[in-house]
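J.: Before anything else, here's the structure in question.
The values are calculated or read from the model by the stated rules, or taken from the named source; none is laboratory data. This one's a predicted model, so the numbers in the text were calculated from it and none came from an experiment. Reconstructed Cβ throughout: ideal geometry from the backbone, glycine too, with neighbour counts over all protein chains shown. These accessible areas exclude ligands, DNA and RNA; they are computed on the full protein's heavy atoms, side chains included. Shrake-Rupley method; radii C 1.70, N 1.55, O 1.52, S 1.80 Å.
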Amino acid sequence: MSHERMLRRADLRVAEGAAKVTDTFRLHYHLMPPAHWMNDPNGLVYFQGYYHVFYQHHPYGPQWGPMHWGHARTKDFITWEHLPMALAPSEDYDAGGCFSGSAVEKDGVLHLFYTGVREEGGKLIQVQCLATSRDGIRFRKDHRNPLITNFPPEGSVDFRDPKVWQHGGKWYMALGSGNDGRGKVLLYRSNDLSQWDYMGVAAKSDGTQGTIWECPDLFPLGDKHVLLVSPMGTEPRRVLYAVGEMDYEVGKFQAETWGELDKGPDFYAPQTFFGTDRRIMLAWMQSWEGEIPSQKHNWAGALTLPRELMLDSARRLQIRPLPELKRLRADLAFASDLVLQGETRILPSCSLQERGLEAVLRVDLAGTSAAQFGIAFGEGIRVGVAKGDWRVYLDTTRASRGHRGRYSCKLSSGQEKLEIRIFLDRSSVELFGAGEAACLTARVYPSSPELVPQVFARGGVLKASLELWSLSKRG
Ligand code: FRU
């Protein structure tokens, strides 16, 4: 079947599926597929006045299956427009699926790089492919595909997720791979985006950082470079980042510091792009492990809020929600200074049925003696700070569905003020502000959308202020 027919058939199935999607757990202000399965964000790019987001999509059901590229665009990160399917498996070289990849613009043409997969002898053969478009909506696969057919000796059959960028007049492509039990980033270089030369291993695991690195991303930030990798073979699976130096002559990235990008259980395969004037990141807000309750309602997977990446003056990675997300704030449901001593205060109830919620908790740490304090949102969503060990935690151990656990980030000791922002949607929580690069992202599935938030302080005094905002796209 031709690529065009495959795309139309897939679009039709998504439209049919959307009619059967029930509201339960649907998110209000995050990007989700209209129906069926979504995983990694792909091809993030600013093109002809829009931010484009593609994503791994199985249009035929709410489980993972032969991968297509779904497509949406936005001008403001608040309102998303769903567009026709961009890529479908249609050729011998991608008959098994169009896996993750990235996008760049050259001479007014949008170039999508992706991994074509096919099964052969029980293996998933992975090759690197190109599709282009002038309008950013209809994509044609390149007749020279696949552009890269064989993995180099330092790699393995796991050889995927091309991230392409430009530097000093040349194009570079980072590919995720690994062998000998070590995840690796393999680097290629090109003058024209079609002929690619292998440069070598740009970075690899120290032996404890995973066996295969998926979805690598390597980009300049301030006067440094940052590497992101999504490792397979670690327990738990956590996305890693490194801040360091990139030598483009020899094709090597030298890591100076390593860390985890998000300590929550539902954050994977992030991708960044430059936007127009800043480094923006989105990730898959779900995970390969565990139950996904929304599958029963005919959909699965969403993307995180868009986040901005920056380095502070000490070259530490900082992550914050895009400032324009403040436009989601519809009503201020509660705002007050709080002084609490060994008590719990019940706040006005709110509902996640129609709207999301943002809580902004500003704590005067110097004036706070409480050993533990925080805010609970009912049924298994509890955010707290343990002052003794300087940790911010998200506790979902009492959740009835989804991942149950206590996830935490370390604060810098000696910190005098703390500002935590917590975004709740119908089935997600994202927490920002808990120290270096530290975010906590989890899918949560409260059985009822009605919440009664409570602030608590134990073993001393809490001095803080709290705002609760209801969030709405229509706001
Ligand atoms: C990461 C990943 C990628 C691959 C894609 C397949 O979540 O495994 O490595 O390209 O998902 O859907």
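J.: Excluding residue 191 itself, what net charge comes from residues whose Cβ is under 14 Å from its Cβ, given Lys and Arg +1 and Asp and Glu -1? Could the numbers behind the result be given before it?
T.: Numbers: positive: 106, 170, 189; negative: 107, 192, 197.
So the surrounding residues net to 0.
J.: Can you check what the Kirkwood hydrodynamic radius comes to for the chain, Cα pairs only, in Å to one decimal?
T.: Values: mean 1/r = 0.0437 Å⁻¹.
For the chain, inverting the mean 1/r across all distinct Cα pairs yields 22.9 Å.
J.: Oh, and also: Measuring with a 1.4 Å probe in the full set of protein chains, what accessible area per residue, in whole Å², belongs to the chain?
T.: It amounts to 39 Å² per residue over the chain.
J.: Please list, in order along segment 272-285, the HN-Hα scalar couplings obtained from phi with the Karplus expression 6.51 cos²θ - 1.76 cosθ + 1.60 (θ = phi - 60°), rounded to whole Hz, x for Gly and Pro.
T.: Coupling constants for segment 272-285: 10, 8, 7, x, 10, 8, 6, 8, 10, 10, 10, 9, 6, 9 Hz.
J.: Using modelled backbone amide H atoms (1.01 Å from N, in-plane), which distant-in-sequence or interchain residues come within less than 5 Å of residue 214's amide H?
T.: The list, which skips near neighbours in sequence, is 230, 232.
J.: Kindly state, as a whole number, the per residue volume in cubic angstrom of the convex hull around the alpha carbon atoms of segment 329-471. Write down the numbers at each step before the final one.
T.: Numbers: hull volume 13.2 nm³, N = 143.
Convex hull of Cα atoms, per residue: 92 Å³.
J.: Then there's this: Could you tally the net charge around residue 302, taking each other residue with its Cβ under 15 Å from the Cβ of residue 302, Lys/Arg +1 and Asp/Glu -1? Please list the in-between numbers first.
T.: Values: positive: 26, 307, 426, 443, 473; negative: 23, 40, 262, 266, 425, 430.
Spelling it out: positives minus negatives among the neighbours equals -1.
J.: Quickly work out the residue 133-to-residue 398 label distance, labels modelled 7 Å from Cα along the C-beta direction, and quote it in nm with one decimal.
T.: The modelled label-to-label distance comes out at 4.7 nm.
J.: Next question. Hey, if you put +1 on the Cβ of every Lys and Arg and -1 on every Asp and Glu Cβ in the chain, which of 365, 234, 309 ends up farthest toward the positive end of that dipole?
T.: Going by the charge dipole, the pick is 365.
J.: So what are the ³J(HN,Hα) numbers for segment 81-91, from phi and the Karplus equation (6.51, -1.76, 1.60; θ = phi - 60°), rounded to whole Hz, Gly and Pro as x?
T.: Once rounded to whole Hz, the list reads 10, 7, 10, x, 3, 9, 9, 9, x, 9, 10.
J.: Between segment 441-475 and segment 115-193, how many Å separate their Cα centres?
T.: With segment 441-475 and segment 115-193 each reduced to a Cα centre, they are spaced 43 Å.
J.: Return the sequence-ordered ³J(HN,Hα) values of segment 25-42 in whole Hz as given by the Karplus equation 6.51 cos²θ - 1.76 cosθ + 1.60 applied to θ = phi - 60°, using x for Gly and Pro.
T.: Going residue by residue, I get 6, 4, 8, 8, 9, 10, 7, 10, x, x, 7, 6, 8, 10, 10, 3, x, 9 Hz, with x marking Gly and Pro.
J.: Starting from the residue with the highest accessible area, list 114, 46 in decreasing order, probe 1.4 Å.
T.: Details: 114 0, 46 85 Å².
Solvent-accessible surface, decreasing: 46, 114.
J.: Quick one: compute the contact order of the chain, relative version, from alpha carbon pairs under 8 angstrom and 6+ residues apart, as a percent. Intermediate results must be reported in sequence, preceding the final value.
T.: On the way: 1355 pairs, mean separation 63.6, N = 475.
13 percent.
J.: Where a ≥ b ≥ c are the square roots of the eigenvalues of the C-alpha gyration tensor, would you call segment 35-128 rounded, which needs a/c under 1.5, or, failing that, prolate if a/b is larger than b/c, or oblate?
T.: Values: a/c = 2.82, a/b = 1.51, b/c = 1.87.
It is oblate, given that a/c is not under 1.5 and a/b is not larger than b/c.
J.: Calculate how many DSSP beta bridges within segment 245-371 are antiparallel, expressed in % of all such bridges and rounded to the nearest 5. Numbers along the way, then the final one.
T.: Details: 16 of 16 bridges.
Taking every DSSP beta bridge within segment 245-371, about 100 percent pair in antiparallel fashion.
J.: Highest mean first, how do 269-281, 343-355 rank when packing is the count of other Cβ atoms within 10 Å averaged over residues? Mind dumping the intermediate values first?
T.: Numbers: 269-281: 19.0, 343-355: 14.6.
The most tightly packed comes first, giving 269-281, 343-355.
J.: Related question: Would you mind telling me the share, in percent, of accessible area of segment 329-471 contributed by carbon and sulfur at probe 1.4 angstrom? Working shown, then result.
T.: On the way: 2480 of 5430 Å².
Carbon-and-sulfur percentage of accessible area, whole number: 46.
J.: So which lysines can residue 163 reach, going by Cα to Cα under 25 Å and dropping same-chain residues fewer than 8 places off?
T.: The qualifying lysines are 75, 106, 123, 141, 184, 204, 224, 252, 263.
J.: Could you let me know the centre-to-centre spacing of segment 83-113 and segment 216-262, using Cα atoms, in angstrom?
T.: Taking the Cα centre of each part, segment 83-113 and segment 216-262 sit 25 Å apart.
J.: Work out how much length residue 64 to residue 119 would gain on full extension: take 0.36 nm times their residue separation and subtract the Cα-Cα distance, in nm to one decimal.
T.: So the chain would gain 18.2 nm between residue 64 and residue 119.
J.: With a point put 7 Å past each Cα toward its Cβ, work out how far residue 354 is from residue 369 in nm, to one decimal.
T.: About 4.5 nm, to one decimal.
J.: Taking the Cα centre of each part, how many Å lie between segment 11-59 and segment 342-392?
T.: 32
J.: Would you grab the residues whose amide H sits under 5 Å from the one on residue 42? Only those 5+ places off in sequence or on another chain, please, with H modelled 1.01 Å from N.
T.: Amide H to amide H, under 5 Å and 5 or more residues apart or across chains, residue 42 pairs with 54, 55, 56.
J.: Could I have the simple spin-label model distance between residue 417 and residue 16, label points 7 Å from Cα toward Cβ, reported in nm to one decimal?
T.: Rounded to a tenth, the inter-label distance reads 5.7 nm.
J.: First measure r as the distance between the Cβ atoms of residue 76 and residue 472, then evaluate 1/(1 + (r/R0)^6) with R0 = 25 Å and state the FRET efficiency to the nearest 0.05.
T.: Numbers: r = 14 Å, r/R0 = 0.57.
Result of the calculation: an efficiency of 0.95.
J.: Collect residues whose amide H, placed 1.01 Å from N in the peptide plane, falls under 5 Å from the amide H of residue 352; neighbours closer than 5 in sequence don't count.
T.: 450, 451
J.: State the percentage of accessible surface on segment 97-199 attributable to carbon and sulfur atoms; use a 1.4 Å probe and exclude ligands, DNA and RNA. Provide the component values of the computation, followed by the final result.
T.: Numbers: 1790 of 4250 Å².
Carbon and sulfur atoms account for 42 percent of the accessible area of segment 97-199.
J.: Counting each DSSP H run of 4 or more residues in the chain as -39500 (n - 2.57), what helix-only mean residue ellipticity at 222 nm follows after dividing by all residues, to the nearest 500 deg cm²/dmol? All intermediate terms of the calculation are to be shown ahead of the outcome.
T.: Details: 1 runs with 18 residues, N = 475.
Here the helix-only value at 222 nm equals -1500 deg cm²/dmol.
J.: Counting Lys and Arg as +1 and Asp and Glu as -1, what is the net charge of the other residues whose Cβ lies under 9 Å from the Cβ of residue 129?
T.: Numbers: positive: 141; negative: 91, 94, 142.
Neighbour charge sum, excluding residue 129 itself: -2.
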